[in-house]
Amino acid sequence: MDLLATYPRRLTLFALLVAGLLIGLRTPIAFLNQWRAEQEVMSNNVPWAASEYQRAVLLTPDDPELLINVGYAYTRRERHAEAIAAYKQAATLDKQSTEALYLLALELQNAKDLSGAAAAMEEALKRDPGEMRTRMLLAIVETKQGRTGAAIATWKEVARRFPTARPAAEGNIRDLEAKGK
């Protein structure tokens with residue numbers, strides 16, 4: 001192996017470790033695990049990425065962003081229970097963000113837990129009522145639950161709050177009203 005060929009990668013890795021130490025965000029080993037996990041995700045080696053993320057979480061269990069990454073890696077592997085657990089933990093740690101709750105709702109929907117998905121979206125909308133994608137996902141889940149009236153009301157709220165989504169929301173309202181007649 002040509003040592004000079006690996007020099008730029010080693011220098012980049014060293015720079016990342018030093019930056020992690022200087023910023024004080026993580027222990028160097030956790031930072032290294034997360035960096036390796038992100039490389040594996042880019043290489044589409046999701047199983048290895050999930051294990052690297054898990055190693056980083058063991059060292060820094062209170063990092064919601066890292067837990068979201070763990071959840072995403074499990075989502076890509078269709079391991080719903082592990083993804084749900086990671087997103088729940090991230091949502092508990094970061095009481096301001098809606099990202100973990102939105103991803104939790106998506107994963108719960110994938111796992112066919114529509115009431116859990118609706119509850120996660122309601123919590124996200126309490127945190128940020130202006131969150132468009134969460135409100136749209138709520139309307140979709142309400143439709144799947146057979147709650148047509150609630151879904152129409154949510155789509156109307158989407159149309160009112162978000163002009164860019166108005167055409168899609170109005171189309172969904174028409175479809176739901178047509179099915180109800």
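The values are calculated or read from the model by the stated rules, or taken from the named source; none is laboratory data. Being a predicted model, the structure only gives us computed values, none of them experimental. So basically every Cβ, Gly included, is an ideal-geometry build from the backbone, and we count neighbours across all protein chains shown.
Of note:
- Some residue of segment 107-114 being assigned to a helix (DSSP H, G or I) and small (Gly, Ala, Ser): no
- Single match in 165, 81 (criterion: surrounded by fewer than 19 Cβ atoms within 10 Å (Cβ to Cβ), closer than 20 Å to residue 176 by Cβ and at pLDDT below 95): 165
- The residues listed here are 95, 179; of these, the one that is without any contact (Cβ under 8 Å) to a residue 60 or more places away in the chain and assigned to a helix (DSSP H, G or I) is 179.
- Filtered residues of segment 140-155 (kept if assigned to a helix (DSSP H, G or I) and surrounded by 15 or more Cβ atoms within 10 Å (Cβ to Cβ)): 140, 141, 142, 143, 150, 151, 152, 154, 155
- Take the conditions (1) surrounded by fewer than 21 Cβ atoms within 10 Å (Cβ to Cβ); (2) touching a residue at least 12 places away in the same chain (Cβ under 8 Å); (3) within 17 Å of residue 146 (Cα to Cα); (4) not acidic (Asp, Glu); residue 117 misses just one of them, which is (1).
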